[in-house]
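The values are calculated or read from the model by the stated rules, or taken from the named source; none is laboratory data. On a predicted model such as this, the values are computed, not experimentally measured, just so you know. FYI the Cβ positions are ideal-geometry reconstructions off the backbone, even for glycines, and counts take in every protein chain you see. Just so you know, the surface numbers come from the protein's heavy atoms only, side chains and all, with ligands and any DNA or RNA stripped out. Shrake-Rupley method; radii C 1.70, N 1.55, O 1.52, S 1.80 Å.
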Amino acid sequence: MKQVEITLNVNGRACAVTVPPRMTLVDCLRDVLRLTGTHVGCEHGICGACSVMFDGEPVRSCLMFAVQADGHAITTVEGLADEDGEISDLQDSFWECHAMQCGYCTPGMLVASQALLAENPNPDDGDIREAISGNLCRCTGYQQIVEAVKLTAQRRRGVRS
Amino acid sequence: MTDAPTLPNYRYVSRKRRTKEDRRFITGRGKFVADVEVPGMKHVAVLPSPHPRANILDIDTSAAMALPGVHYVLTGDELAAETNSLFHGLDLPNVIWHPLAVGMTRYAGEWVAAVVADSRYIAEDAAELIEVDYESLPAAVDSEKMIDGDQPLVHPDHGSNVLFRKTWEWGPVEEDFEAMPHAVSYRARWGRSSTVPIETFGVVAKWDEITEIMDVWASIQMPQYQDQIAAALGMPMNNVRVHNDVDVGGSYGVKRGIKHTVLVSYLAKRLGFPVRFIEDRLDNMSGGDAHGPDRIFDITMAFDDDGVIKSMKIRALDDVGAYPGRAPLQLGKPMTALCGPYRVNSIEYEAISVTSNKTGQVPVRGFGQSPTNFAIETGLERVAKYLGLDRVEVRARNLVRKDEFPWKIPPGSLYDSGDFHAVLESAIKTSNWDDLIARRDALRAEGKLAGVGITTCLEPGGGNNIFEYLFNPKLEITTFVESVLIKVEPTGAITAVMCTTTSGQGHETMVSTIAGEELERDPDTIRVVHGDSLEALPTRSPVASRMTIVLGTATSNAAREIKDKMITIAAYDLGIEKDQVEYADGEFSVRGAPERKLSWAQICHIAHKQFHRMPPGHELGLQAYSVQQVPGAGQLPNEKNEVPLYPCFSFQAHVPLVEIDPDTGKVKLHDYFIAHDCGTAINPDIVRGMIIGGVAHGVGAALYEKFEYDQDGQLLAGTFVDYLLPSAHEIPPVTDIEHCTPSPITSLGQKGSGEGGYLGAPAAVASAVNDALSPYDIEINELPIRARDIEAALHEKTN
Ligand code: FES
Ligand code: FES
């Protein structure tokens, strides 16, 4: 089968890869670049487990072909920590609030939450539920995720929890 | 929130502590099965049957085989000839189960062939090139008709679609019914839903012909997994190595991919390279055999003028789909708490398991208890309505009382402990019940439909599965064991080896917290690993809300043994009697002379390296293992079929407030209150997550989720577009309050908590919906209660 050469900017690094044109972005990230933090739950755009940042916007990487990402910037869960491996405040709040159980939806939830906080530094519970409503979690019932996002926002505003 | 009688002064247990596992998940470092990369591994896609029931006349694989990148196409005939058939819980010699259909397909979605190729993409292309010649046949889909025998036979050699039917009677049922002035009869129906984890099932297998080891990495949560792989492949168990360190992306009971595993293990051995199969979502929902109970209950309850229930007659008819596996035994577990938390004197229970041309059923969170709780609670609502009594009061009158524990129920279980009235009271208080009723009435005054629900519910934990024996005397198994090995290194570091997988329950946190508590060492410094199945001690896997009870007690026991060894060494070295040694915070000192002491590190050094300072006759090193029996288990049923089943009983009371849109029937959950008692909570955040997550799962079962079939046996819900999992919009904020009645039979008073939310929420939500519909005199006792069901019922009443 025909192969296409593309360059993705993933977590701040330029990655040249050769992929079949029909390969999805999530398969490229996971199987070609071996960034397995991004997960696959449905491959039909409902669960949000495959969410990544695409030029700063959250997208479902199961619904895109890798070739569509040629030349674009992608951030995966592996790119949320800073260069020294220090986890972000959002990741830290997820840990503090135990905003997960099995951890399978977590990378997608982090991406959705990060996108929310970039737009709205002071979300209320309704805003948070709205922002993560495209991401399914079967374990938590969402509450501790909502609490983690809220805690991040509070910490960023310097409010003591 | 905690509504706590004062707890012992634990350092780590019951304290807010970050979990051990979360750190790898927030950084994308979890190791799920699809992340396992074995060099040279090839990929499987399966071909599903489009027919619910059909004879397979011919399979032509030549075009698929010819596709570049394809290595093999396997059909059912070859696999059946080369492997042994899969295990059933019931004794069913004529119901044969293989991973791929043989001669006949028995449900739409059943796998007919499997392709192995360089990539999943190519494997799927090739699967489409397989030509199967089917003779389509009418399907058996109506479970009630199975009993009369006028449906096509799913397994013709078995001669009937009834797999199991038996009635038990515990206590003087007829006498009690005669003595009671009232009885109500009703039907409650539990729709075919399941747990549907966000991660599908997957498995990688690698055969090494030199070492003769079959390495298996799988997204598994299942007792006797390696036993069954070995049995199907016809090899000794020590040729199979299951890697228990694979993170499982949710299971809640269903990750039982034994057929998937036999399929890929066979292929790996046959082809000489590693093979992986990761279900896609449709594979998972149709052919993955991961559906849950599908039950019709017909129940009669006999009670007095005060609403005190004396006796129950329960008939449960369950449709397990085409291949039963262990599913029929899900009718057995509810015997553990067959009358819920209520003081019932006698019970008649008829359990009927039928097979149909539908996807197979597997264990689901609670192993059949949630449908049963829903059915019992429906009865409590009925009794209250019949007598015109308050719904809360009827429950309070029937609950077992605090001073009555241990309380024996008719089938033989001993409820270990609890304070049911206090927990119910706490739910009423937390929810501001009167305010909630006022809010409901205010909504009603605005022309809306609104209702408040109430449910009390037991969560049996611990998993003594001797009920299996009542279904199949060949399963004479009287334990459900779990083990841990703890070792302290020469430098003092502690490692615990647990023996099974984890699918979100936080076992590493639980084990390290308990070991840390017992040894007075910081749990953050204790490493917990998952030994593979060749290294592991006996295990029955993390099912049945049992790990905190059984693995937790094992951890306490092993840690206490290590502490005792250390004290023995200290006493010898200090030249004093053991009882003169005082241990605190990692220091062993002489009672009354605290300046004479040995540190933790010194004792470790002696134990590993200084034989001359060791007390004679003592083993070197500091290690202990504990193989823990389920507390109270170990008996066969007596002649009255009574036997203690699960050992520990957690309890909850649920109170939701719902509003229903009268035009669309759409239900909105405004608030949800739950008071909960699981004894000593080892990690409060984990317990809270389990409770709230369980509630969310139960809300799904109550309102949205169903594997719907049409009358011909076609599955209508194979994607997340037609099988609706609740999102953050559907799940309301949950206010939870913990009560603590420590169990007297576990090491620190802990009980189970993984199932409770799910065991009560369906009944609670149904109670609220029916309260909302009561002004129209509508009662819906069939789950899920979907918007369209409500809309149709309202339409019928108002037109
Ligand atoms: S895997 Fe992409 S949305 Fe589910
Ligand atoms: S943590 Fe398991 S699916 Fe969200």
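Is it fair to say residue B:474 is among the basic types (Lys, Arg), modelled with pLDDT under 95 and surrounded by fewer than 18 Cβ atoms within 10 Å (Cβ to Cβ)?
yes
Among the strands (runs of 3 or more DSSP E) lying completely within region B:113-199, list those that include at least 3 residues that are of a type in the set (D, E, K, R) and buried (at least 18 other Cβ atoms within 10 Å of the Cβ).
none
Here are the criteria: (1) surrounded by fewer than 24 Cβ atoms within 10 Å (Cβ to Cβ); (2) in contact with a Pro (Cβ under 8 Å, 6 or more places away or on another chain); (3) outside any loop (DSSP other than H, G, I, E, B). Tell me which single one residue B:765 does not satisfy.
Going through (1) surrounded by fewer than 24 Cβ atoms within 10 Å (Cβ to Cβ); (2) in contact with a Pro (Cβ under 8 Å, 6 or more places away or on another chain); (3) outside any loop (DSSP other than H, G, I, E, B) one by one, residue B:765 breaks only (1).
Only one of (1) touching a residue at least 40 places away in the same chain (Cβ under 8 Å); (2) out of contact with any helix residue (DSSP H, G or I) (no Cβ under 6 Å at 6 or more places or on another chain); (3) more than 10 Å from ligand 2 (Cβ to nearest atom) fails for residue A:149. Which number is that?
(2)
Is it the case that some residue within region B:443-456 is assigned to a helix (DSSP H, G or I), of a type in the set (Gly, Ala, Ser) and either closer than 26 Å to residue B:365 by Cα or at pLDDT 95 or above (or both)?
Yes.
If we scan region A:82-95, do we find a residue that is within 13 Å of ligand 2 (Cβ to nearest atom) and either assigned to a loop (DSSP other than H, G, I, E, B) or open to solvent by less than 40 Å² (accessible area, probe 1.4 Å) (or both)?
Yes, region A:82-95 contains a residue that is within 13 Å of ligand 2 (Cβ to nearest atom) and either assigned to a loop (DSSP other than H, G, I, E, B) or open to solvent by less than 40 Å² (accessible area, probe 1.4 Å) (or both).
Could you check region B:508-619 for strands (runs of 3 or more DSSP E) lying wholly inside it with 3 or more residues that are open to solvent by 40 Å² or more (accessible area, probe 1.4 Å)?
B:593-599
Can you name the condition, by its number, that residue B:381 falls short on among (1) surrounded by fewer than 23 Cβ atoms within 10 Å (Cβ to Cβ); (2) over 23 Å from residue B:678 (Cα atoms)?
(1)
Residues checked against (1) assigned by TED's automatic domain parsing to the domain that holds residue A:114; (2) assigned to a loop (DSSP other than H, G, I, E, B); (3) of a type in the set (A, V, I, L, M, F, W, C); (4) open to solvent by less than 10 Å² (accessible area, probe 1.4 Å):
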position	(1), (2), (3), (4)
A:16	no, no, yes, no
A:22	no, yes, no, no
A:31	no, no, no, no
A:35	no, yes, yes, no
A:44	no, yes, no, no
A:47	no, yes, yes, yes
A:62	no, yes, yes, no
A:67	no, no, yes, no
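In region A:114-135, how many residues are within 16 Å of ligand 1 (Cβ to nearest atom) and part of a helix (DSSP H, G or I)?
Selection size over region A:114-135: 3.
State which residue pairs qualify: first residue more than 7 Å from chain A (Cβ to nearest Cβ) and inside region B:17-37, second residue open to solvent by 60 Å² or more (accessible area, probe 1.4 Å) and assigned to a loop (DSSP other than H, G, I, E, B) in any location, beta carbons under 7 Å apart, and separation of 6 or more residues or different chains.
Going by the 7 Å Cβ cut-off, the qualifying pairs are B:31/B:245.
Please work out if residue A:31 is of a type in the set (Asp, Glu) and more than 13 Å from every other protein chain (Cβ to nearest Cβ).
It is false that residue A:31 is of a type in the set (Asp, Glu) and more than 13 Å from every other protein chain (Cβ to nearest Cβ).
Here is a yes/no grid of residues against (1) more than 10 Å from chain B (Cβ to nearest Cβ); (2) of a type in the set (Val, Ile, Thr):
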residue	(1), (2)
A:94	no, no
A:100	no, no
A:110	no, no
A:119	yes, no
A:123	yes, no
A:129	no, no
A:140	no, yes
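From the list B:254, B:308, B:262, B:320, which one is over 23 Å from residue B:189 (Cβ atoms) and buried (at least 24 other Cβ atoms within 10 Å of the Cβ)?
Just one listed residue meets the conditions, B:262.
Do you know which of the residues in region A:49-60 that are within 14 Å of ligand 1 (Cβ to nearest atom) and either surrounded by fewer than 22 Cβ atoms within 10 Å (Cβ to Cβ) or not polar (S, T, N, Q) (or both) is nearest to the other protein chains (Cβ to nearest Cβ)?
By that ranking, first place goes to A:49.
Which residue, of B:533, B:545, B:541, is touching a residue at least 40 places away in the same chain (Cβ under 8 Å) and more than 20 Å from the chain's Cα centre (by Cα)?
B:533
Which of the following residues is surrounded by fewer than 21 Cβ atoms within 10 Å (Cβ to Cβ), of a type in the set (Phe, Trp, Tyr) and either assigned to a strand (DSSP E or B) or under 25 Å from the mean Cα position of the chain (by Cα) (or both): B:646, B:625, B:672?
Being surrounded by fewer than 21 Cβ atoms within 10 Å (Cβ to Cβ), of a type in the set (Phe, Trp, Tyr) and either assigned to a strand (DSSP E or B) or under 25 Å from the mean Cα position of the chain (by Cα) (or both) holds for just one of B:646, B:625, B:672, which is B:625.
So residue B:710 fits all but one of (1) open to solvent by less than 10 Å² (accessible area, probe 1.4 Å); (2) closer than 24 Å to residue B:790 by Cα; what number is the exception?
Answer for residue B:710: the failing condition is (1).
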